[in-house]
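Taking it in order: structure first as C-alpha cells, then the write-up.
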Amino acid sequence: MSENNKEQPEISNDTLIRSILDKFEISALNPMQEAAMKTIQKKSDVVLLSPTGTGKTLAFLLPLIETLDADCAEIQLLILVPSRELAQQIEQVARQMGSGFKVNSVYGGRAGALDKIDLKHRPAILIGTPGRVADRMRRDNFSLEYIKTLILDEFDKSLEIGFEKEMTEIIKALPNVEQRILTSATSDARIPAFVGLQRPVTLNHIEKGSAELTVKIVLSPDKDKLETLAKTLAYIGRKPGIIFCNFKDALDRVSDFLTDHRIHHECFHGGMEQFDRERALIKFRNGTSQLLLATDLAARGLDVPEIEFILHYHLPPREKEFTHRNGRTARMNRNGIAYIIHWKGEELPDFIQDIAPETLQIDGKQNAKLPAPVKWKTLYITGGRRDKISKGDVAGLLIKQGEVRNDQVGVIEIKQDVTYVGVHAEIAEKLIAKTNNTRLKTKKVRVSLI
C-alpha cells in the first residue's frame, strides 16, 4: 500500500458513493451529476457544460476516485484550474470526500517551499493553476507517466486569462493520458486542438440547470451612483450578496464610500494578496460579512454560499460576464435576483434591453435602514490539517473549554496550518480569553480575531 492511501475495507461502489454524499449532506445526485458519472465511467473524453453552482466538482471526482490505484505512489489525476481559489475549493471537496487518497493543490501566491514539502510524497490527486503546475514540473523530478486522467476545470477561463502556453506545455509532457474531462459554465467556449480530445461526449446542462433570474434596474439620477448604491442596499435590506465593479480603482472608491457609511463589507480583487483574498471569502462564507465587493474575479469558480442578490454597480462589457456574475445567485434551480444601478444618461447594452428588466425608482420614502451590523465574527486559530486537527476537535475546544452553546459556533474551515471559525459576535472576546494559548489536541494554539 503506498503512502498516498490508507487501508480500507472492500465496500461496494454504491455504498462508497452513499457514504460520500452523506458527508456533504446530499440526499441524491442531480441529473447533471448522474449523467456525468455514467459517461466518465465509460472512459470517454467528456466536455461537461453546466452553470456555476451545480456541483461539477463532485460530478467528476466521484467516478474518478474509484479508478485510482492504491498501490501507486505517483500522481494519477491532474486537475488544472484558472484560479487559486478554485484550486483550494476542489482540494477541500476532495478531502471532504474522505477517500484516503492524498490530495494537494499548488498555485501562484503560495510559497514554493510549501509545494516542495507537499510533493515530497506524491499526491494521488494534484490540483493547480497551469502556471504553478508547469513550474513544479520543470523544477521537481517527479514522474508524469502514471497520470491517466486530465481535468481542465473552467478551461475557457484559463484560456481567457492567458494560460494557453502553460497548458500546452503540460499536456505535451503527459505521455499516458487516457481520459480528458473539460468543464465550463458557458456553452460557447472554443476547445483548442492542443487539448487532444478523442471523440468527446458533450453533456450540455446549461439550459437544463438554469434557474429563474429576475433582473431589476435601479435608476440613478446622478452620474456618480454612490448615493443610489446606498439607497439600493437599504431597499434590499440585510441579505447576503455580491456587488460587482469592473475595475479595481472604482472598487476602491466604492469601498471607501461603504466604509464611510458604516456598511460592513469585504473586498475581493486580483490586486489583493492571496492571504487577504482567502480571508475575505472565509468571512463572507461564515456570515461575518454579508456583502462582497468584487471584480469579475468572483464571477466564476468560487465556493461562496447561496446568496440572495447580485448588484451590478458597473455592467460588464459582454453578455457572457453578465451571465457568469448572475450565476452566483441563480444556482441549482434556486431563483435569484440581480440589480443594475443605471444612470439615466447612459445607454443600456443590447443584451440588457433584450431581457426587458423591471425598472425600480427608489426614493427616500421606500428606504429601510441600512444593513445592520453583522452578528458573527471570525476566529483565527494557529493549527490546521498538518496538526491532525479536525472540525470536531475545534468545536470541542470552543464548546467545552470556551463554555459556549453549540448554536453560537458556526462554520469551521480547516486549512493546512490554520483554522477559521465563525462565532457569535457577543461571545467572541470571551472565547478568546478562555481558549487562547491552550492546547488543541497536542498543539498549543493562539486564538485571535481577524
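The values are calculated or read from the model by the stated rules, or taken from the named source; none is laboratory data. Since we're looking at a predicted model, the values are computed, not measured. Using ideal geometry, Cβ is built from the backbone for each residue, glycine included, and neighbour counts are taken over all protein chains shown.
Quick look at the values:
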| read-out | value |
| --- | --- |
| Considering residues of the range 22-59 that are exposed (fewer than 14 other Cβ atoms within 10 Å of the Cβ), in a helix (DSSP H, G or I) and of a type in the set (Lys, Arg) only, the residue farthest from the chain's Cα centre (by Cα) | 38 |
| Sole exception among (1) under 29 Å from residue 276 (Cβ atoms); (2) touching a Leu at 6+ places or on another chain (Cβ under 9 Å) for residue 175, by number | (1) |
| Complete set of residues in the range 223-254 that are in contact with an Asp or Glu (Cβ under 9 Å, 6 or more places away or on another chain), surrounded by fewer than 17 Cβ atoms within 10 Å (Cβ to Cβ) and of a type in the set (D, E, K, R) | 223, 239 |
| Of the criteria (1) crowded, with 19+ Cβ neighbours inside 10 Å; (2) more than 26 Å from the chain's Cα centre (by Cα); (3) within 30 Å of residue 31 (Cβ to Cβ), which one residue 220 fails | (3) |
| Number of positions in the range 60-92 that are of a type in the set (Asp, Glu), closer than 29 Å to residue 165 by Cα and more than 22 Å from the chain's Cα centre (by Cα) | 1 |
| Filter result for residue 150 (touching a residue at least 60 places away in the same chain (Cβ under 8 Å) and touching a Lys or Arg at 6+ places or on another chain (Cβ under 7 Å)) | yes |
| Counted residues, the range 169-190 - those being in a loop (DSSP other than H, G, I, E, B) and modelled with pLDDT of 90 or more | 5 |
| Qualifying residue in the range 186-208 (condition: more than 30 Å from residue 35 (Cα to Cα) and either of a type outside the set (Lys, Arg) or surrounded by 15 or more Cβ atoms within 10 Å (Cβ to Cβ) (or both)) | no |
| Residue, farthest from residue 83 (Cα to Cα), within the range 175-211, restricted to residues that are touching a strand residue (DSSP E or B) at 6+ places or on another chain (Cβ under 8 Å) and charged (D, E, K, R) | 178 |
| Any hit, the range 154-165, residues being farther than 21 Å from residue 139 by Cα, of a type in the set (A, V, I, L, M), without any contact (Cβ under 8 Å) to a residue 60 or more places away in the chain and surrounded by fewer than 17 Cβ atoms within 10 Å (Cβ to Cβ) | no |
